[in-house]
Amino acid sequence: MPTLDVSELNIVLGILGSFIVLYGLISVKIKARWYLGEALPAVLIGILLGPLAAKFIDSERWGSQTKGQTEAITLGVSRVMIGLQLVIAGYQLPAKYNLTRWKEMAMCLLPIMTMMWLCTTLCMLATVPKVTLLAALVIGSCVTCTDPILSQAIAKGPFADKFVARPLREIISSEAGANDGFGFPFLMLAVYLIRHADVPGVGEQEGETVTVRSVIEGAGMLLGRSEKVGRLGGGVGVAMKEWFLETWLYIVFMSVVYGAVVGFAACKGIKFALRRKWIDGESYLLFPTALGMFLVGTCGAIGTDDLLACFVAGNALNWDGDYLAETESRHDEVNSCVDVLLNFGGFMYIGSIMPWDEFNDPNGTGLTYGRLILLGFMVLIFRRIPAIFISYKLMPAVVRDWKEAFFMGYFGPIGAGAVFYAEHSRHLFPKLGEGDEEETNLAKAIGPVVYWLVLFSIVVHGLSIPALNIIYVYMGVKPIQEDAVEIRRRSIRQATPPNAINGDQDTFIAYNRFSRPIFDPSQLPVSLSSNEASTSPRPLFADDDKLRDFLASNDVEHQKRRERRRTIRYGN
């Protein structure tokens, strides 16, 4: 006899599926006309259907329904959501990009991130009551990193295809991928300074020195992502020693080495399989997703930085450019679909767990909506823009002028990465009510502050692109018409891609695409006259007799200028 089964799994699957279906019906309008992307609509749906309103999505009712399980679920969701997309972001960069741009990446990961961390901490101290300087450093470290998921949407979205130069898009994408995993040194420095502060009465136990105890419990944190936490004492010297040994050597250095080894081995393994034609198309295109799952699982098991390892592995997978070239020759749409599915599910979940009752608690944390709104605007203005303006002249190859510097500084969104760090930080301090006053105030404030900034950034940055597009249209700014590439038309009903024109019945000619594999510039397509285009079924290449005649009949200097314009250049 048929029975109703209104289980949590059925509810979540029904909601997620219906949202994807309805979003998909007008996806071109949402993405390419309104420039809204996936994050903002998904978060809004999560808010509307979460515990605050319709109560359809409530993570406390999932699975075993254990009280407080939302924190563990959120940490797991954010790790998978970010890790898989970082592998994809890593291999989509040009070959050897981080080696070629090592100076710019070093600037972004060291001085710029440090300035961002300190400026964000000052914003916390100015607006968040009852937190100390060290507690503000912990909260500030959670939102220092630019979100890799939202940044990829900015760097690779339809608006960027039309108006943002490729070098700037590439550095935004690469910086966001690397600095999200590079946030651990900032977080752990503040954690160790709190843990090993010289507080009277702590740090001495029978038969166990401070250093031995802290190393043992630090190993527990690395291997299990949790530990017996609390004040350990020992002073700044012990804190700096453990920060260097555990954070820099074990978490950062080991994750880079591990990601590089796994990515390089995957690159060689794929080449071996391709030469023998052992790997089919589905397995080849799903390889980055599988690699991300492997790294998230194994790095989580050994307690190292899974996010940084995923990004490094993605870079190593495409180190010689062959993997990206092969995926493009196969017209890969699989990994972009994985991206979209993770964005829909992940951001809808984030919207459903917003701690609305903690945003206005004047008698507890001291937070109010007025303070949080002020904090949001202060972080938007002071967190990243000053650091980029101070340093952009040292990166002329990727940031040409103050306008591009302002774009790079303004669009440093806060998203799923901040959620990951906030939930990870809960494992590093005593549970609410079990620590001293500083730890208790930090535990109360970190959740509402970080989640508010995530919501604020998703809304403000999500609406900034449509607003900027309106301004560009009003001012008559023309889309970038350089570096034309041929895109195969998969269907006569396929919408024209952003910043592209119709080629013939089988192709589009698109400009300013995000990245391409290594190639000979002479092999790039060239623009032909309307008569030439109407008689040619595709753009011609340098080995075609017709193109040789065309080149010979034109002014030599004009052709040299065209060649320079078509070449992707990397400065020294």
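Among what's in segment 1-40 and is among the charged types (D, E, K, R) and farther than 30 Å from Leu468 by Cα, pick the residue that is surrounded by the most Cβ atoms within 10 Å (Cβ to Cβ). Step by step, filter segment 1-40, then rank; the result is Glu8. Only one of the numbered conditions (1) modelled with pLDDT of 90 or more; (2) over 19 Å from Arg426 (Cα atoms) is not met by Gly201, and that is (1). Taking the criterion of being among the charged types (D, E, K, R) and either within 27 Å of Tyr323 (Cα to Cα) or open to solvent by less than 10 Å² (accessible area, probe 1.4 Å) (or both), the residues of segment 47-104 that qualify are Arg79, Lys96, Arg101, Lys103, Glu104.
Condition check for Ala500 on (1) within 22 Å of Lys156 (Cβ to Cβ); (2) modelled with pLDDT under 90: one failure, at (2). Pairs are defined by a Cβ separation below 9 Å, a sequence spacing of at least 6 or placement on different chains, a first member in segment 308-319 that is closer than 11 Å to Val256 by Cα and in the same structural domain as Gly90 (by the TED database), and a second member that is crowded, with 24+ Cβ neighbours inside 10 Å and charged (D, E, K, R); the pairs so defined are Leu308/Asp180; Phe311/Asp180. Among residues that are over 23 Å from Gly462 (Cβ atoms) and touching a Pro at 6+ places or on another chain (Cβ under 8 Å), Met124 is not included.
Mind checking which helices (runs of 4 or more DSSP H) fall wholly inside segment 307-368 and carry at least 3 residues that are of a type in the set (Gly, Ala, Ser) and touching a helix residue (DSSP H, G or I) at 6+ places or on another chain (Cβ under 6 Å)? Where helices (runs of 4 or more DSSP H) fall fully within segment 307-368 and carry at least 3 residues being of a type in the set (Gly, Ala, Ser) and touching a helix residue (DSSP H, G or I) at 6+ places or on another chain (Cβ under 6 Å), they are 334-352. Say whether the condition of being assigned to a helix (DSSP H, G or I) and touching a Gly at 6+ places or on another chain (Cβ under 8 Å) is met by at least one residue in segment 15-27. Within segment 15-27, one or more residues are assigned to a helix (DSSP H, G or I) and touching a Gly at 6+ places or on another chain (Cβ under 8 Å).
Residues in segment 459-497 that are out of contact with any strand residue (DSSP E or B) (no Cβ under 9 Å at 6 or more places or on another chain) and of a type in the set (Ser, Thr, Tyr) were compared, and the one that is modelled with the lowest pLDDT is Ser491.
Can you confirm whether Tyr421 is open to solvent by 50 Å² or more (accessible area, probe 1.4 Å), in the same structural domain as Val43 (by the TED database), hydroxyl-bearing (Ser, Thr, Tyr) and closer than 20 Å to Val128 by Cβ? So Tyr421 fails the test.
The values are calculated or read from the model by the stated rules, or taken from the named source; none is laboratory data. Predicted, not measured: the structure shown is a model, and the values here were computed from it. Quick reminder, even Gly has a Cβ in these numbers, built from the backbone with ideal geometry, and neighbours come from all protein chains shown. Calculation scope for accessible area: heavy atoms of the full protein, side chains included, ligands and nucleic acids excluded. Shrake-Rupley method; radii C 1.70, N 1.55, O 1.52, S 1.80 Å.
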